[in-house]
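Here's the structure, in structure tokens; my notes come after.
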Amino acid sequence: MRVGKVAALLAVVALCVACTPATKSAEEEVHGTAGARTAGDPYYPTSGNGGYNASNYVVAITYDPKTHHLDGDTTITAKASQDLSEFSLDLDGLDVRTVTVDGQAADTTREGGKLVITPADAVANGSTFTTEVQYDGVPTPFKQTKLGAEGWQISSSGGAFVAGEPHSASTWYPVNDTPTDKAAFHLAAKVPDGWSVISNGVQGRNESKDGWTTYRWDEPDPIASYLTTVGIDHWTMTTGKLADGTPLVSAFAPGAEDKKALEDRLPEILDFLSSKFGKYPQDAAGGVFLADKINFSLETQTRPIYAQWTDLSTIVHENAHQWWGDSVSVRQWKDICLNECFASYAQWLWSEAKEGANLDDQYRQWVKKGPQVFGAKLYDMGEGNEFKAVYTKGPLALHALRRTIGDTAFFQILKTWPALHRDGNAAWPQFEAYAEQISGRDLKGFFDAWFRGATQPADQYLWPGNLKP
Ligand SMILES: [Zn+2]
């Protein structure tokens, strides 16, 4: 026996013992796969991203209305839902300067509307990570939609505002642009003195230095990306409080000051809507009144943004969305009736309560207009058809539902559904099941005829109760 040999053998054993854990830790090292470059909505397959869930956005921008130049620094906190070797954010236009993931420089590429990020180390499933994106450029809106420009737009006074559904956010900050990944949203916007900034949520501390002022807005409740907004203008602002202390801030662009009298009725409107839909689900309220004749007003969260043509009924509609669409958001865009049918029926309810409208008569007059009223679906209507019928046939369908199941069940549903899904997402078939559960009725025929069909419903569904003229 040679000691040397035995010693050498022992050394090999020792090495193997030592190398076992090393081999294990190499196995435990996260490699991961790329997150999906879609949120999976069949109508908008290029929107949103998979592999993570965002929980918080901190968006810092510096914007000069003179040059239209925006300098941005956005930090996104997210939790990985798979081992991630790569993930993406939606960002349209703008130049990306640097991206870090958990403080480490990351590789990036731009592919269409995607900012694709490869972190230095893969992100482990279940871990929370932060991504910081520094970028700049002149933001431009989407121009392809039927409603005109959407996203970042220049206002008639030379300021800027953001509005657009289903997309707008990715024109000014990197975002997981899907309503199914709602997150808190914090904005710090620095503008030259003389301009001011309005956004979602509660106003934070302002700071002025060297001719520029930074305005802060915080929306701690989950918010869908298309419901975030910013407005930079020579605003006239009004402030107040609801009876429960909820802060009110409204902003009027030069030329929109005449809308103040309408907005003065906001506490009354929110009181009325709360009496129908349950407690106001947002932490702040108000409105952003543009002097621009854009083609739509939008229910941006806590603070709807209004076109120049806005009337009182529009303010009722956009605030009804704070329950229907904002607090409870669509699961997919084919569920859009959960937003628009209800916000439109809120206008009917307002006119019934405040203006003495006879809704049965109103219903009969609409039905008289003929088959074109019924010519599009309210659910699963197909991409690009989301808004065809929801504003007209939508409230008719809900009024027919009310006359079918009676006021007690109908208003119980309206009042309890938003609380059931608060700060979340819901799909239309869930609403159908809930209406059947609360009313104790089989409503399959009714829902098929009104919501899934594109023809005038059969008489038994069209003329429930005493509706028949
Ligand atoms: Zn609406």
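Scanning the stretch 352-377 for residues that are part of a helix (DSSP H, G or I), of a type outside the set (A, V, I, L, M, F, W, C) and modelled with pLDDT of 95 or more turns up Glu352, Lys354, Glu355, Asp360, Asp361, Gln362, Tyr363, Arg364, Gln365, Lys368. In the stretch 243-252, which residues are in a strand (DSSP E or B) and aliphatic (A, V, I, L, M)? Residues satisfying the conditions are Leu248, Val249, Ala251.
Taking the stretch 307-324 as the range and being assigned to a loop (DSSP other than H, G, I, E, B) and small (Gly, Ala, Ser) as the test, only Ala307 passes.
Tallying residues that are closer than 28 Å to Lys190 by Cα and of a type outside the set (Ser, Thr, Tyr) within the stretch 69-122 yields 29. Would you confirm whether or not the stretch 242-255 contains a residue that is touching a residue at least 24 places away in the same chain (Cβ under 8 Å), within 16 Å of the ligand (Cβ to nearest atom) and crowded, with 18+ Cβ neighbours inside 10 Å? No, because not a single residue in the stretch 242-255 is touching a residue at least 24 places away in the same chain (Cβ under 8 Å), within 16 Å of the ligand (Cβ to nearest atom) and crowded, with 18+ Cβ neighbours inside 10 Å.
Which ones in the stretch 283-303 are more than 16 Å from the ligand (Cβ to nearest atom) and part of a loop (DSSP other than H, G, I, E, B)? Asp283, Ala284, Leu290, Ala291, Asp292, Lys293 - these are the residues of the stretch 283-303 that are more than 16 Å from the ligand (Cβ to nearest atom) and part of a loop (DSSP other than H, G, I, E, B). Among the residues of the stretch 304-323, at least one is buried (at least 22 other Cβ atoms within 10 Å of the Cβ), in contact (Cβ under 8 Å) with a residue 12 or more places away in the chain and either over 17 Å from the mean Cα position of the chain (by Cα) or more than 16 Å from the ligand (Cβ to nearest atom) (or both). The set of residues in the stretch 438-469 that are touching a residue at least 24 places away in the same chain (Cβ under 8 Å) and more than 36 Å from the chain's Cα centre (by Cα) comprises Gly465, Asn466, Leu467, Pro469.
A quick yes/no check of all residues on (1) outside any loop (DSSP other than H, G, I, E, B); (2) outside the structural domain of Val390 (by TED's automatic domain parsing); (3) not hydrophobic (A, V, I, L, M, F, W, C):
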| residue | (1), (2), (3) |
| --- | --- |
| Phe431 | yes, no, no |
| Tyr434 | yes, no, yes |
| Arg441 | no, no, yes |
| Phe446 | yes, no, no |
| Ala449 | yes, no, no |
| Ala454 | no, no, no |
| Pro457 | no, no, yes |
| Leu467 | no, yes, no |
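When Leu262, Leu273 are screened for being within 16 Å of the ligand (Cβ to nearest atom) and assigned to a helix (DSSP H, G or I), only Leu273 passes.
For the stretch 325-336, indicate whether the set of residues that are of a type in the set (S, T, N, Q), assigned to a loop (DSSP other than H, G, I, E, B), more than 16 Å from the ligand (Cβ to nearest atom) and within 21 Å of Gly159 (Cα to Cα) is non-empty. The answer is no; no qualifying residue exists. Comparison of Ala346, Ala353 shows that the only residue that is within 12 Å of the ligand (Cβ to nearest atom) and in the same structural domain as Phe387 (by TED's automatic domain parsing) is Ala346.
Across the stretch 375-395, what is the total count of residues that are buried (at least 20 other Cβ atoms within 10 Å of the Cβ) and more than 11 Å from Phe451 (Cα to Cα)? Matching residues across the stretch 375-395 total 2. The residues on offer are Lys279, Lys259, and the sole one that is under 24 Å from the mean Cα position of the chain (by Cα) and of a type in the set (Lys, Arg) is Lys279.
Could you check, for the stretch 378-397, whether at least one of its residues is under 15 Å from Phe277 (Cβ atoms) and of a type in the set (A, V, I, L, M, F, W, C)? No, there is no match, as no residue in the stretch 378-397 is under 15 Å from Phe277 (Cβ atoms) and of a type in the set (A, V, I, L, M, F, W, C).
Answer with yes or no whether Gly231 is closer than 23 Å to Asp326 by Cα and without any contact (Cβ under 8 Å) to a residue 60 or more places away in the chain. Answer is no for this residue. Of all the numbered requirements in (1) outside any strand (DSSP E or B); (2) modelled with pLDDT of 95 or more; (3) of a type outside the set (S, T, N, Q); (4) surrounded by fewer than 15 Cβ atoms within 10 Å (Cβ to Cβ), Lys79 misses one, and that requirement is (1). Is there a residue being at pLDDT 95 or above, acidic (Asp, Glu), crowded, with 19+ Cβ neighbours inside 10 Å and in contact with a Pro (Cβ under 9 Å, 6 or more places away or on another chain) anywhere in the stretch 141-155? Checked the stretch 141-155: no residue is at pLDDT 95 or above, acidic (Asp, Glu), crowded, with 19+ Cβ neighbours inside 10 Å and in contact with a Pro (Cβ under 9 Å, 6 or more places away or on another chain). Checking each residue in the stretch 375-412 for being more than 16 Å from the ligand (Cβ to nearest atom), touching a residue at least 40 places away in the same chain (Cβ under 8 Å) and among the charged types (D, E, K, R) picks out Lys377, Asp380, Glu383, Arg403.
If you go through the stretch 191-213, how many residues are of a type outside the set (A, V, I, L, M), buried (at least 19 other Cβ atoms within 10 Å of the Cβ) and farther than 21 Å from Ala54 by Cα?
Adding up the residues that qualify gives 2.
Being touching a Pro at 6+ places or on another chain (Cβ under 7 Å) and more than 15 Å from the ligand (Cβ to nearest atom): is that true of Arg364 here? Here the answer is yes, as Arg364 does meet what is asked.
The values are calculated or read from the model by the stated rules, or taken from the named source; none is laboratory data. Here the structure is a predicted model, which means the values were calculated and not measured. Methodologically, a virtual Cβ is constructed for each residue, glycine included, from the backbone with ideal geometry; neighbour enumeration extends over all protein chains shown.
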